[in-house]
1. I'd like to verify a number: residues in segment 1-13 that are in a strand (DSSP E or B) and open to solvent by less than 50 Å² (accessible area, probe 1.4 Å), how many?
2. Would segment 71-86 turn up any residue that is assigned to a strand (DSSP E or B), surrounded by fewer than 18 Cβ atoms within 10 Å (Cβ to Cβ) and hydroxyl-bearing (Ser, Thr, Tyr)?
3. For segment 59-70, name all the residues that are among the polar types (S, T, N, Q) and either closer than 21 Å to Leu21 by Cα or surrounded by 16 or more Cβ atoms within 10 Å (Cβ to Cβ) (or both).
4. Somewhere in segment 57-75, is a residue under 24 Å from Thr32 (Cβ atoms) and not β-branched (Val, Ile, Thr)?
Amino acid sequence: MTEASISSRVKLSEDVLFQELQGDAVLLDLKTGVYFGLDRVGTRMWHLMGEAGTLSGVVDTILEEFDVTRERCSADILSLVARLEEQGLLSVEP
C-alpha cells in the first residue's frame, strides 16, 4: 500500500458496487464481500475521487460545498482514503 498525500491520485476498484441511499452510500467489494458505509460527505468524496484529478482537487471542491477548514478536510480525506485502501476498495497511485 502506498501512503496517500493530498497530491496523490486514487483509483477506485472496479470490483466495488456503489449504492447511494438518501445521501449516504454503501460500498460492497464483490470479490471479498466487504461492506463499507459512507455518510453524506464521504459519499461526495467518493464521487469526486472517481471523477479524476488529485485528492487536492477533491479537497478544493469539498471546501466550496461544505463549511470546513482546509486542514480538517485534508485530514478527513486522507483518513478516508487510508481506510478504503485498507479494505481494498481503492488504490493510491504514486
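The values are calculated or read from the model by the stated rules, or taken from the named source; none is laboratory data. Owing to the predicted nature of the structure, the values given are computational and were not obtained by experimental measurement. Cβ atoms come from the backbone with ideal geometry, glycine included; neighbour counts cover every protein chain shown. Note: areas computed on protein heavy atoms with side chains; ligands, DNA, RNA excluded. Shrake-Rupley method; radii C 1.70, N 1.55, O 1.52, S 1.80 Å.
1. So the answer is 2.
2. no
3. Going through segment 59-70, the residues among the polar types (S, T, N, Q) turn out to be 61, 69.
Selection gives Thr61 alone.
4. Of the residues in segment 57-75, the ones under 24 Å from Thr32 (Cβ atoms) are none.
No, segment 57-75 contains no residue that is under 24 Å from Thr32 (Cβ atoms) and not β-branched (Val, Ile, Thr).
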